[in-house]
Amino acid sequence: MKTKLYLFSLISYIFLSSSLIAQPYSQPPFHAVDIMSMGDYELAGKNYYISDIHYYNLISSQFDKSKESFFKYLEEALSLYGANRTNDSLNADFYINVYVDYWDSDSDVTKSPKLNQRNLNYPSYYNYYRLDGSGSFVNQDKTYGQNYYDTELARQNVALRDNFNNIPVSNNNKKTRHSFNKSIVIEGFEVNGGNRNLLWMTQATDNRGGSNFLEADEPMLYLMMRAFGKTVKPQKCFIAKEDPYFDMFKKFELGNNISYHISYTSSDENVGLFMAEKRVDTDELVLFVQDNNKISSDFTHKKYTAAIRIGDKIIECSKKHYDVRPVKYNRLLAVTFPLSNIDAEQFDLVFFKEGHPDKVKYSVSQIKLN
């Protein structure tokens, strides 16, 4: 009996070990933010002008450095989707408003942070336009300090820095942890006849706790990119902290072999493409799929495979894997194909049960890599 139990345990251990090796998940903690977006606008090939910036951070001594860094990563994120920044407002196809804001957990968060600004004692930078009587743009640049100090917010921030000590509630003997939230809102709009028309809006929010735990600007902007110009229902998105593409984003090293602004149509609004990479040195094409747990090929649909379809030609993937373990929220599925076998400018990505390519469960069609 003991021998059988030992053999069973050994077999189970070998199976578990092989499963872990086959699916090398990243480990927490992860970069995670809530994303929502609205719009239907193609950014690729368009010129944009930064019209208005409302930028705040919680550490006044780091404001200038943080602001400069934010502008660079904002420009990098938009350029990866094919948009080009212009300093000439008259040459812009669309304009950008940006709001980076913080608020405490006791605030009314049912309203957009940009409509319920806190009076922080940090400088703001504005680079905006106005229309004169002839309908022409007049550029104005202003830098100034906010002098309205919010003593309650300051008290909360000091308490948070003090090892996140609990703040007592006055009306009872209980203690509660006070926390901050952070939001980045990016608006793209056009001006017609003096009227401002919103083209798209993307918002990223982090509400996980104290100020020391809030995401920095870089991961929030990187995760927001998947929603630029699109309508995306509220969802929590995350990536591993050691994600190599995010690391390249932080270093401004993402090359021409990586596509972010991908044209496609999907059979399900929850299944789409985040990016694609052509690895010429290894003859591989890697498609990164957002599946919102619809495909879940490592959990619910273990026997499902992915293939590229070009007319009647089917090219099955050589491998596929998720960057993180099965979770409730949005994660990326990396699907790899032999690059030399894809000889068309447009193709479809299909998911089906192994051995049944005619029974497609999900499809991402008319894919064009720009």
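For first residues located in segment 254-280 and charged (D, E, K, R), partners that are part of a helix (DSSP H, G or I) and lie 6+ apart or on another chain with Cβ distances below 9 Å form the pairs 277/245; 278/339; 279/339. For segment 307-334, the set of residues classified as in a strand (DSSP E or B) and either touching a Lys or Arg at 6+ places or on another chain (Cβ under 6 Å) or within 25 Å of residue 78 (Cα to Cα) (or both) consists of 322, 330, 332, 333, 334, listed by residue number.
Suppose the filter is under 26 Å from residue 242 (Cβ atoms), open to solvent by less than 30 Å² (accessible area, probe 1.4 Å) and either at pLDDT 95 or above or outside any helix (DSSP H, G or I) (or both); does residue 364 pass it?
Values: under 26 Å from residue 242 (Cβ atoms): no; open to solvent by less than 30 Å² (accessible area, probe 1.4 Å): yes; either at pLDDT 95 or above or outside any helix (DSSP H, G or I) (or both): yes.
When the stated conditions are applied, residue 364 does not pass them.
If you go through segment 310-320 and keep only what is among the basic types (Lys, Arg) and either under 28 Å from the mean Cα position of the chain (by Cα) or closer than 21 Å to residue 282 by Cα (or both), you end up with 319, 320. When residues in segment 296-314 are screened for being surrounded by fewer than 17 Cβ atoms within 10 Å (Cβ to Cβ) and among the β-branched types (Val, Ile, Thr), 3 of them pass. Taking segment 209-261 as the range and being more than 13 Å from residue 290 (Cα to Cα), of a type in the set (A, V, I, L, M) and open to solvent by 20 Å² or more (accessible area, probe 1.4 Å) as the test, the residues that pass are 214, 216, 248, 254.
In segment 61-98, which residue that is in contact with a Pro (Cβ under 9 Å, 6 or more places away or on another chain) and open to solvent by 30 Å² or more (accessible area, probe 1.4 Å) is farthest from residue 257 (Cα to Cα)? Don't jump to the end; show me each part of the working.
Narrowing segment 61-98 to residues in contact with a Pro (Cβ under 9 Å, 6 or more places away or on another chain): 63-64, 67.
Next cut, open to solvent by 30 Å² or more (accessible area, probe 1.4 Å) only: 64, 67.
Working: 64: 33, 67: 29 Å.
Per the stated criteria, the residue is 64.
Segment 195-270 holds strands (runs of 3 or more DSSP E) entirely within its bounds, and those carrying 2 or more residues that are modelled with pLDDT of 90 or more map to 195-209, 262-266. Considering each residue of segment 275-288 in turn, at least one proves to be of a type in the set (Ser, Thr, Tyr), closer than 25 Å to residue 80 by Cβ and either over 25 Å from the mean Cα position of the chain (by Cα) or not in a loop (DSSP other than H, G, I, E, B) (or both).
The values are calculated or read from the model by the stated rules, or taken from the named source; none is laboratory data. Given the structure is predicted, the values throughout are model-derived calculations rather than measurements. Note that we place each Cβ from the backbone using ideal geometry, even for glycine, and neighbour counts take in every protein chain shown. For accessibility, only protein heavy atoms count, side chains too; no ligands or nucleic acids. Shrake-Rupley method; radii C 1.70, N 1.55, O 1.52, S 1.80 Å.
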